[in-house]
Amino acid sequence: MMSDIHNNNRLEALHEQVIELDNLEDRGVQERINDIAHFYSLHVDDDRDEILQFIAEDLFFKETTAI
């Protein structure tokens, strides 16, 4: 159970970092937002929350599956 709490906290922290980078208009995050929006036919502004969550989840997945 503790692992679930840790994972949720880590995912939340990553999401907050992605939001902060978006607010700072980080070039890498902006490019990723545009790529995801294009690939999934999402709107960069209207679907931004969903896109940022997707980026955070992708980072989390890569972090937790790294060998």
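The values are calculated or read from the model by the stated rules, or taken from the named source; none is laboratory data. Note that this is a predicted model, so its numbers are computed, not measured. Reconstructed Cβ throughout: ideal geometry from the backbone, glycine too, with neighbour counts over all protein chains shown.
Among the residues of region 1-37, those identified as under 16 Å from T64 (Cβ atoms), free of Cβ contacts under 8 Å to residues at least 24 places away in the same chain and among the charged types (D, E, K, R) are D4, E12.
Residues that are under 14 Å from the mean Cα position of the chain (by Cα), basic (K, R) and over 18 Å from E63 (Cα atoms) within region 1-29 are absent altogether.
Any residue in region 35-49 that is of a type in the set (S, T, N, Q) and in a helix (DSSP H, G or I)?
Start the filter on region 35-49 by keeping residues that are of a type in the set (S, T, N, Q), which leaves 41.
Still in the running and in a helix (DSSP H, G or I): none.
No, region 35-49 contains no residue that is of a type in the set (S, T, N, Q) and in a helix (DSSP H, G or I).
Quick one: would you say E25 is at pLDDT 95 or above and loosely packed, with under 10 Cβ neighbours inside 10 Å? Yes: the conditions hold for E25. Listed by first and then second residue, the pairs linking a residue in region 38-55 that is without any contact (Cβ under 8 Å) to a residue 60 or more places away in the chain to a residue that is assigned to a loop (DSSP other than H, G, I, E, B) and buried (at least 16 other Cβ atoms within 10 Å of the Cβ), with Cβ atoms under 7 Å apart and 6 or more places separating them unless they lie on different chains, are E50/L42; I51/L42.
What is the residue count in region 38-54 for residues that are within 25 Å of T65 (Cα to Cα) and surrounded by fewer than 12 Cβ atoms within 10 Å (Cβ to Cβ)?
Here is the first cut: in region 38-54, the residues within 25 Å of T65 (Cα to Cα) are 39-40, 49-54.
Within this subset, residues satisfying the condition of being surrounded by fewer than 12 Cβ atoms within 10 Å (Cβ to Cβ) are 39-40, 49.
The qualifying residues number 3.
Tell me whether region 59-66 contains one or more residues that are surrounded by 15 or more Cβ atoms within 10 Å (Cβ to Cβ) and either assigned to a helix (DSSP H, G or I) or modelled with pLDDT under 95 (or both).
Looking for residues that are surrounded by 15 or more Cβ atoms within 10 Å (Cβ to Cβ) and either assigned to a helix (DSSP H, G or I) or modelled with pLDDT under 95 (or both), one finds at least one in region 59-66, hence yes.
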